[in-house]
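Below: the structure, in structure tokens.
Throughout, read-outs are computed from the coordinates displayed, never taken from laboratory work. These numbers were taken from a predicted model, which means no experiment stands behind them.
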Amino acid sequence: MSNVSNADYIASIEQSVSVIDTKLDSSVVRSVFERYGAHGIEDLNPSDLPEVFSDLYAIEADLG
């Protein structure tokens with residue numbers, strides 16, 4: 001099992017946010033952050049990073 005650092009999750013979240021924001025309204029990303037009680041990456045609880053990444057990556061993957 002690999003050990004992914006918080007910095008790796010943050011970088012991946014930033015990349016997914018960038019892709020999503022170019023194809024969809026920014027409210028999509030905002031709604032994901034709000035589900036975790038955050039307004040942006042800097043407000044996320046470190047324990048939520050894997051789930052936030054997973055949510056955003058799923059949206060990004062659906063964009064094909």
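General remarks:
- All-pairs alpha carbon distance profile, the stretch 1-60, 5 Å steps from 0, percent: 4, 21, 34, 25, 11, 4, 1, 0
- Highest-fluctuation residue, S26, S47, S18 considered, GNM on the chain with Cα pairs under 10 Å: S47
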